[in-house]
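The values are calculated or read from the model by the stated rules, or taken from the named source; none is laboratory data. Every value quoted in this text rests on a predicted model; they were computed, and no experiment measured them. Reconstructed Cβ throughout: ideal geometry from the backbone, glycine too, with neighbour counts over all protein chains shown. Quick note on the areas: whole protein, heavy atoms, side chains included, nothing else; ligands and nucleic acids left out. Shrake-Rupley method; radii C 1.70, N 1.55, O 1.52, S 1.80 Å.
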Amino acid sequence: MKAKLFKSLALAGMVLGTTSVANAADIEFFAGVGAGYQMDTIKGDLRKDTEGAAWQGRIGMIIEQQHRITGTFSYMEDKFTQGGTEYKQEQYSWLASYDYLIPVHKDVNLFVGVTAGANDNKVAGKASADFVWGGQVGMQYKWNENFSSDLGYRYLDQDYDKNGIQINDSQQVYLTLDYKF
């Protein structure tokens, strides 16, 4: 009984503490979707730069109108033939990003940031989840008080190496639509 009461009080204290911090700083939360074009550099037994549409779901927060923290899930696949053999690459990405927003107009911010996370790649039937890191740059346009869009470029370095196939990097150009609540 005491353990349950202690856990309940600790949870309530954490919620109140988080609320106090959020009230002290100007924090705006958002959720959004995105689409783009992605190219991965593949070397080794397969020498093919895969490319295709990349789809994103994202959530995050903007702190004091200049600092943005975003969690992104992304998916891309490409089917190709090499040497008469058909291949398929699938990539699932779970990324955490920090961007510094630079105001250039009342409705426009430029941004520059860093990203780290994991890519789960599956190429020629071999899967591997690997650490990825990199950065992004772009422009954010505020459509109104609640909606904004990013046009960005992201570079991710990665270390996929299975059965003679290496994926060295991923590059994305993307467009998002975010809702701020």
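Points to keep in mind about this one:
- Residue by residue, the stretch 161-176 carries 3J(HN,Hα) couplings of 8, 9, 6, x, 10, 10, 10, 8, 7, 10, 10, 10, 10, 9, 10, 10 Hz when phi is fed to the Karplus relation 6.51 cos²θ - 1.76 cosθ + 1.60 (θ = phi - 60°); x denotes Gly or Pro.
- Phi-based couplings in Hz for the stretch 46-54 (Karplus 6.51, -1.76, 1.60; Gly and Pro marked x): 9, 10, 8, 7, 7, 8, x, 6, 10
- Alpha carbon centroid spacing (whole Å) that separates the stretch 141-169 from the stretch 27-67: 3 Å
- Accessible area per residue (1.4 Å probe, heavy atoms of protein chains only) ranks 174, 179 as 179, 174, with the largest value leading.
- Rounded to the nearest 10 square angstrom, residue 51 shows an accessible area of 80 square angstrom against a 1.4 Å probe.
- Note on the stretch 50-181: lysine pairs with Cα distance below 15 Å, sequence gap of 8 or more or different chains, count 10.
- Averaged over its residues, the stretch 48-181 has an accessible area of 51 Å² per residue, based on protein heavy atoms and a 1.4 Å probe.
- C-alpha long axis of helix 2-24 to longest principal axis of the chain, angle in °: 90 degrees
- With all protein chains in place and ligands, DNA and RNA left out, the 1.4 Å accessible area ranks 122, 48 as 122, 48, largest first.
- Each Lys and Arg contributes +1 and each Asp and Glu -1, all at the Cβ; summed about the Cα centre of the chain, the dipole is approximately 640 debye.
- Mean Cβ count within 10 Å, highest first, over the residues of peptides 54-63, 127-136: 54-63, 127-136
- 20 °C / 1.002 mPa s Stokes-Einstein diffusion coefficient of the chain, Kirkwood radius on C-alpha pairs, µm²/s: 118 µm²/s
- With helices as the sole contributors, the chain gives -4500 deg cm²/dmol at 222 nm; each DSSP H run of n ≥ 4 counts as -39500 (n - 2.57), and the sum is divided by every residue.
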